[in-house]
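Have a look at the structure below, then the notes.
The values are calculated or read from the model by the stated rules, or taken from the named source; none is laboratory data. Bear in mind the structure is a predicted one, so any value in this text is a computation, not a measurement. Positions of Cβ are backbone-derived with ideal geometry, glycine not excepted, and every protein chain shown enters the neighbour counts.
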Amino acid sequence: MQSQNPLIADFVKMVNGAAGTFAGMTREAREAARERAREAFGGVDFVSREEFDAVKAMAAKARDENEALAKRIEALEAEHK
């Protein structure tokens, strides 16, 4: 059953208009935030996960080699004492 009351019809139109306006403001705010983020991070170089993992593995290998060399140096120094 639909109401013929013009006051209710006007109120419904106003609420629908406000909801549409609010949705539009939300979209605009979201886009503005995205644009600010793009500007803020535009000059930053990010590395891929694969590059990060490769450098991490290289660092681990270098650390292991460093520890092995330290042990060899200790052994050589112990021989010369």
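Scanning the stretch 49-58 turns up no residue that is modelled with pLDDT under 90 and either among the hydrophobic types (A, V, I, L, M, F, W, C) or on the phi > 0 side of the Ramachandran plot (or both).
Residue-wise test of (1) loosely packed, with under 10 Cβ neighbours inside 10 Å; (2) modelled with pLDDT under 95; (3) in a loop (DSSP other than H, G, I, E, B).
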residue	(1), (2), (3)
Met1	yes, yes, yes
Leu7	yes, yes, no
Phe11	no, yes, no
Gly20	no, yes, no
Ala32	no, yes, no
Glu39	yes, yes, no
Gly43	yes, yes, yes
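Scanning the stretch 45-62 for residues that are exposed (fewer than 10 other Cβ atoms within 10 Å of the Cβ) and not small (Gly, Ala, Ser) yields Asp45, Phe46, Arg49, Glu50.
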